[in-house]
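To keep things clear, I will list the structure first and then write my remarks on it.
The values are calculated or read from the model by the stated rules, or taken from the named source; none is laboratory data. Quantities reported herein were computed from a predicted structural model and do not represent experimental measurements. Cβ placement follows ideal geometry from the backbone for every residue including glycine, while neighbour counts extend to all protein chains displayed. Side chains are part of the model used for accessible areas, which takes the heavy atoms of the whole protein and leaves out ligands, DNA and RNA. Shrake-Rupley method; radii C 1.70, N 1.55, O 1.52, S 1.80 Å.
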Amino acid sequence: MTDHKTRFQQIRENNLTERAGVYDPGAEHYPTPSHTRNVCFVWPDGARLFLNYSYLMAGHYLPDDNCIYLTFTTHKIGIKGLRLESLYLELMDQSPRIITCTDERYKALANKDAPVVSDMTVTELE
């Protein structure tokens, strides 16, 4: 008798309905390192812009002004808000997938330890 299992036995032993480790397209951060990554900026009116991290040339964090400036080869992004240092560090690691601008009237409801983005500006570079 052989020790190998048939494919049917393998299927019966595994729970194929469980989706552990499967990529979640709605997640705000990438689950693992990767070569191709985009960051999507979302405004309260639903407008969106995504840019590829490979074109991010520089990031500048100004804690006194609560601002982050990101310079891509084609765009400059200005992010203003509260507690932005952790977001800046995550951007350095190319971790954020989606950065959402919160309407000013809802910022009081945000987690007191999490960064809050209250304004984002986009300038196309020539």
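Summary of values
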read-out	value
Selection count where residues are open to solvent by less than 70 Å² (accessible area, probe 1.4 Å) and either without any contact (Cβ under 8 Å) to a residue 40 or more places away in the chain or in a helix (DSSP H, G or I) (or both), scope region 73-97	8
Hits in region 44-53 - residues which are at pLDDT 95 or above and surrounded by 13 or more Cβ atoms within 10 Å (Cβ to Cβ)	Leu49, Leu51, Asn52, Tyr53
Residues satisfying the stated conditions in region 57-72, i.e. open to solvent by less than 70 Å² (accessible area, probe 1.4 Å), over 15 Å from Leu87 (Cα atoms) and in contact with a Phe, Trp or Tyr (Cβ under 7 Å, 6 or more places away or on another chain)	Phe72
Pairs with Cβ under 8 Å, 6+ apart, first in region 31-52 and within 20 Å of Glu124 (Cβ to Cβ), second surrounded by fewer than 11 Cβ atoms within 10 Å (Cβ to Cβ) and at pLDDT below 95	Asn52/Thr36
Extreme residue, farthest from the chain's Cα centre (by Cα), among residues of region 101-126 that are of a type in the set (S, T, N, Q) and at pLDDT 95 or above	Thr123
